[in-house]
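Visitor: Please read through the structure below; I'll follow up with questions.
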Amino acid sequence: MTAKPDWKQTDIIHVDQPELSMTERMYLPQIFGGMKTTLRHMFKKKLRDETVVQYPEQKRQLRKEIYRGVHRLNRDDQGRVACVACFMCETACPAHCIHIEGAESPWPDREKYPIKFDIDELRCIYCGMCEEACPVDAIELTPEYHLVGGSREEMIFDKEKLLNIFDRTKDEKPRKNPNITGY
Amino acid sequence: MGGIQVGNLCHNVGSAARTMMDTMDAIRNILADQFWFSIVLGLVVFGGIQGAVAYAILLERKISAWTQDRYGPNRVGPYGILQPIADGLKFFLKEDIIPANVDKALFIFAPWMIFVVALVGFAVIPWGGSFKWGWMEATAKPMVVQVASVDIGLLYIVAVSSLSVYGVVLGGWASNNKYSFYGAIRAAAQMLSYEVPMGMCLMAAILMTGSLRLEEMVDWQARHGWAVMYHPIAALVLFITALAEANRMPFDLAESEQELIGGYHTEYSALKLALFFLAEYSHMITSSAMMICIFFGGYLVPGWEWLNTTPTFGAALVRVAVFAFKIFLFICLYMLIRWTIPRFRFDQLMRLAWKGLVPMTMTLVAAQGLVLYMGWSQWTTTAVNIGVFLFGGFVSVAGGKAVTGRQLSLRRAEAMG
Ligand code: SF4
Ligand code: SF4
């Protein structure tokens, strides 16, 4: 005996496409209707002034908690880099733009730490997978989006730069979790 | 000594004045000669159209922005009015890439061909009727504000504007790129199909006015009123086909960015791409000018009889201004339509032409012929026009299929099997 499906034939609703009326088949009335809408918007100067953000002068109100801008490497409460060089983020990254070199940690509370931590911000697609993957919440995306550079090399952010970004943005967006140590 | 010098001076001044008079006379004579006047006018029109096209592109960007609640280009100059210059400069300074595997000769030739073809159409447009210079004798032949006044003006425009598909096909084919090629064949099929209803509309107008000369068509309208009153549906269909011929929305299947990247001009860059754009916008201006001459009274304004009858240069300028204003309105309409209606599917496009427009316009031509033969009032065709349109709507309802063939979904009974 096969299991009875838990839906009934009467649950299915067939939705027919609505038949076109005469005015719809003759297009013109509909087209004029559409043009009325476009025209109405053309002369709505007030709506335009309210919606448009004139970028360099005005800035958008970002939702800082969730905006995915440039990365930062967090520091723990002793000012050391919080990363434990577990390579989770490098593995998770779909764009393969994180390059880490780990080394034995000089501190007793963890085994490894990164001596090199490069993110190619040009290859990055700002998906936030690295942030999801990190077990100690060491890498995070910040609400900073003014990313400029004169060359490709300049856009590869190294450990120092990423730590600097943390220093710059820690007031704006505090580190999510307190430091997790004891690895 | 002194006396001689003064005498020389007088002589010099006198001869200078005389030379100036001579030059003025020469200029007057040249301007009063239709051949030279046409050449001057051609240059003016050429420059005017180029400027108009540059600003039409700005207008297009502005209108698209406004309809979408944006501002549009507003950084270069106040309200962005210098944007066309920046755009032009950018097109000049960009790297002109010729891909490795293209047919080089045709690849270079295609944009120039389409550009030239789009420009020569203006030659037969009557911009402002005829006038006489103040210094011309009353019996002299009046000047015509038209580069070339030829007997087959309308045929010339149709022939030249349908040539522009060559540029599209050559460009698409020479690019050696599948997307370009698809764009090119679509353009060719589309132009062939829409040429038929377009020809029919023109035929109705030619029968009615009894001339192929655009200026005589305008004169006819001065006597009888705008032709659009007698053939509203023909004017409408002509407008639709003009959209299709210019590859504008909703008929821009040759470009359709979502499917074909850029269509026939995918591989083009820099100046060659700019030429394609120039051609597209010039084409819009030519076709609106043609439509205005045939159906919308050319440079006439209803109720302003003096405008058509005053033979002075000033009146001619006003006529040109009126004409330009009408073209401006048409261009705005083109753009508004582009930002309102979605693109047709290809089968819908073909069905609209062959099942909708061709039978309708054929009926109109037949009706116009009958009216002429029987000597009925011209207003009969107005009734026929409206009748044809309503009948078309009725048939599509009774036949259960819209002209562009929207698929009916399965009904409940069919779906249940
Ligand atoms: S945001 Fe995405 S693409 Fe960028 S570094 Fe992190 S995982 Fe890689
Ligand atoms: S996942 Fe976090 S702890 Fe692991 S290497 Fe990346 S940043 Fe460092």
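Each reported figure results from applying straightforward, stated rules to the coordinates on display, with no laboratory input. In this text, all values refer to a predicted model and were calculated from it rather than measured experimentally. Backbone-built Cβ (ideal geometry, glycine too); neighbour counts: all protein chains shown.
Visitor: Calculate how steeply helix B:83-93 sits against the longest principal axis of the alpha-carbon atoms of chain B, using the helix alpha-carbon long axis, and give the answer as 0 to 90 degrees to the nearest 10.
Guide: So the helix axis and the longest Cα principal axis differ by about 90 degrees.
Visitor: Around A:D137, which amide H atoms from residues at least 5 apart in sequence, or from another chain, sit under 5 Å from its own amide H, with H modelled in the peptide plane?
Guide: Here the answer is none, since no amide H 5 or more places off falls under 5 Å of that of A:D137.
Visitor: Suppose R0 equals 51 Å. What FRET efficiency, 1/(1 + (r/R0)^6) with r the Cβ-Cβ distance, do A:D49 and B:I27 give to the nearest 0.05?
Guide: After rounding, the FRET efficiency stands at 0.45.
Visitor: While we're looking at this one, here's another question. Starting from the 7 Å offset along Cα-to-Cβ, what nm value, one decimal, do you get for the label separation of B:S269 and B:A159?
Guide: 3.9 nm
Visitor: Also, I was wondering about something else. Working out 0.36 nm times the residue gap between B:Q258 and B:L82, then minus their Cα-Cα distance, what length gain in nm do you get to one decimal?
Guide: 60.4 nm
Visitor: Would you mind calculating the gained length between B:F46 and B:A383 on full extension (0.36 nm times residue separation, minus the Cα-Cα distance), in nm to one decimal?
Guide: Length gained between B:F46 and B:A383: 117.2 nm.
Visitor: What is the calculated FRET efficiency for A:I66 to A:R40, with r their C-beta to C-beta distance and R₀ = 30 Å, to the nearest 0.05?
Guide: Approximately 0.30, to the nearest 0.05.
Visitor: Give me the net charge of B:H265's neighbourhood, meaning all other residues with Cβ under 9 Å from the Cβ of B:H265; Lys, Arg count +1, Asp, Glu -1.
Guide: -1
Visitor: Follow-up. Mind listing the phi-derived Karplus ³J(HN,Hα) values for segment A:109-123, rounded to whole Hz, using 6.51, -1.76 and 1.60 with θ = phi - 60°, and x for any glycine or proline?
Guide: 8, 7, 8, 10, 8, x, 8, 9, 8, 10, 10, 7, 6, 7, 7
Visitor: With each pseudo-label sitting 7 Å past Cα toward Cβ, what's the A:D109-B:W376 distance in nm, one decimal?
Guide: For A:D109 paired with B:W376, the spin-label model returns 9.8 nm.
Visitor: Report the paramagnetic label zone for B:E305: residues of segment B:200-223 whose backbone N is under 13 Å from a point 7 Å from Cα along the Cα-to-Cβ axis.
Guide: Taking a point 7 Å out along Cα→Cβ of B:E305, the residues of segment B:200-223 whose backbone N falls under 13 Å are B:223.
Visitor: Could you tell me how many degrees, from 0 to 90 and to the nearest 10, lie between the Cα long axis of helix B:104-120 and the main elongation axis, the longest principal axis, of the Cα atoms of chain B?
Guide: Approximately 70 degrees, to the nearest ten.
Visitor: Based on Cα positions only, what radius of gyration and what Dmax would you give for the protein assembly as shown, in angstroms?
Guide: 34.1, 138
Visitor: OK, next. Just to verify a number: FRET efficiency for B:V150 and B:I108, C-beta to C-beta distance, R0 = 25 Å, to 0.05?
Guide: Given R0 = 25 Å and the Cβ-Cβ separation, E is 0.20.
Visitor: Rounded to the nearest 500 deg cm²/dmol, what is the calculated helix-only ellipticity per residue at 222 nm for chain A, with -39500 (n - 2.57) per DSSP H run of length n ≥ 4?
Guide: Calculated mean residue ellipticity at 222 nm is -7000 deg cm²/dmol.
Visitor: With θ set to phi - 60° and the Karplus curve 6.51 cos²θ - 1.76 cosθ + 1.60, what are the ³J(HN,Hα) couplings of segment B:305-318 in order, to the nearest whole Hz, using x for Gly and Pro?
Guide: Karplus values, whole Hz, x for Gly and Pro: 4, 4, 4, 7, 9, 6, x, 8, 5, x, 4, 4, 4, 4.
Visitor: Nearest 10 degrees, 0 to 90: what angle lies between the long axis of helix A:159-169 and the longest principal axis of chain A (Cα atoms)?
Guide: For A:159-169 against chain A, the angle is about 60 degrees.
Visitor: Grab the Cα-Cα distance for A:F32 and A:D158, subtract it from 0.36 nm times how many residues apart they are, and report the gain in nm with one decimal.
Guide: Between A:F32 and A:D158, full extension yields 39.6 nm more.
Visitor: Another question, then. If the convex hull of the alpha-carbon atoms of segment A:71-169 is projected onto planes in all directions, what is the mean projected area in square nanometres?
Guide: 6.1 nm²
Visitor: Which residues among segment A:131-172 fall inside the zone where the amide N is under 16 Å from a point 7 Å beyond the Cα of A:A92, along Cα→Cβ?
Guide: Output list for this probe position: A:131-142.
Visitor: If you don't mind, there's one more thing I want to ask. List the residues whose amide H sits under 5 Å from the amide H of B:D69, counting only those 5 or more places along or on another chain, with H placed 1.01 Å from N in the peptide plane.
Guide: none
Visitor: Which lysines have a Cα lying under 16 Å from the Cα of A:K116, excluding residues fewer than 8 positions away in the same chain?
Guide: A:K159, A:K161
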